[in-house]
């Protein structure tokens with residue numbers, strides 16, 4: 001593994017919420033260029049916490065964070081990380097805060113010093129890419145859940161990130177929006193990490209799967225494992241449990 005190919009590296013990360021045992025305990029993780037990863041684990045296992053630590057939204061009690069080969073420690077360091085790594089929140093309402101879609105998507109480019117004309121051009125290109133042409137003057141808070149998720153994704157992609165961190169990008173969405181997101185992700189030529197409980201979605205959008213258990217990465221496998229297991233079921237959308245894979249995640253050696 002070449003140093004120049006590493007986008008994110010977490011070494012021996014420890015993090016606890018106030019009054020609780022460590023959520024992450026000596027966790028190590030690496031994301032390389034060209035890698036598309038899925039991250040799975042039970043509720044409360046630390047998946048979202050790990051993403052928040054990478055983005056500087058939470059501070060670990062110990063451990064080292066590196067991005068693009070450099071240690072990330074200060075607020076300024078994390079601001080630079082956020083310019084290069086896009087983060088999609090689980091709840092789109094946490095990402096959208098302007099009156100209109102145009103203003104929400106233009107916010108990032110304008111903060112980077114783009115002129116209003118340049119920012120508008122970037123917004124329109126991104127909306128067309130997401131098949132949202134005509135949405136620019138829509139009132140953000142009146143959008144449907146699926147529309148909000150797509151606009152939130154647009155606010156990330158307009159920044160032309162080098163990598164993405166996506167937290168439950170399809171939770172609660174309809175089938176058509178799921179398919180649009182799957183298609184878009186498969187067209188992207190950048191690295192990303194997706195946290196999701198939807199195994200079929202991960203099978204269609206990632207190449208490798210990591211599992212978190214007891215605060216550490218305890219499972220690493222091929223996404224085809226999810227795909228094969230999923231299609232053993234007669235009805236693809238029938239709720240079911242992946243007992244064998246869960247056992248691997250919980251029983252694998254760190």
Notebook entry, point to check: Taking into account only those residues within the stretch 1-31 that are over 19 Å from residue 70 (Cα atoms) and outside any strand (DSSP E or B), which is modelled with the lowest pLDDT?
Noted result: 19
Notebook entry, point to check: What helices (runs of 4 or more DSSP H) completely inside the stretch 40-132 contain at least 2 residues that are surrounded by fewer than 19 Cβ atoms within 10 Å (Cβ to Cβ)?
Noted result: 75-84, 101-111, 116-129
Check: Identify, please: which residue in the stretch 47-67 is in contact with a helix residue (DSSP H, G or I) (Cβ under 7 Å, 6 or more places away or on another chain) and touching a residue at least 60 places away in the same chain (Cβ under 8 Å) and is, among those, nearest to residue 24 (Cα to Cα)?
Finding: 55
Next item on the list: Among the residues of the stretch 178-194, write down those that are more than 17 Å from residue 165 (Cβ to Cβ) and in contact (Cβ under 8 Å) with a residue 40 or more places away in the chain.
Entry: 180
Item checked: Residue under evaluation residue 37, criteria (1) more than 19 Å from residue 191 (Cβ to Cβ); (2) not in a loop (DSSP other than H, G, I, E, B), criterion not met -> (1)
Check: Taking the stretch 133-144 as the region of interest, how many residues are surrounded by fewer than 16 Cβ atoms within 10 Å (Cβ to Cβ), under 24 Å from the mean Cα position of the chain (by Cα) and assigned to a helix (DSSP H, G or I)?
Finding: 1
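Would it be correct to say that residue 88 is under 19 Å from the mean Cα position of the chain (by Cα), farther than 20 Å from residue 151 by Cα and modelled with pLDDT of 95 or more? Walk me through it before giving the result.
Working: under 19 Å from the mean Cα position of the chain (by Cα): yes; farther than 20 Å from residue 151 by Cα: no; modelled with pLDDT of 95 or more: yes.
No, not satisfied.
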Check: Which pairs have Cβ atoms under 8 Å, sit 6 or more apart or on different chains, and link a residue in the stretch 22-36 that is without any contact (Cβ under 8 Å) to a residue 60 or more places away in the chain and on the phi < 0 side of the Ramachandran plot to one that is in a strand (DSSP E or B) and crowded, with 16+ Cβ neighbours inside 10 Å?
Finding: 30/6; 30/8; 30/9; 30/10
Checklist line | Condition check for residue 19: exposed (fewer than 13 other Cβ atoms within 10 Å of the Cβ) and touching a strand residue (DSSP E or B) at 6+ places or on another chain (Cβ under 8 Å) | finding: no
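The values are calculated or read from the model by the stated rules, or taken from the named source; none is laboratory data. Computed from a predicted model, the values in this text were never measured in an experiment. We place every Cβ from the backbone using ideal geometry, glycine too, and count neighbours over all the protein chains shown.
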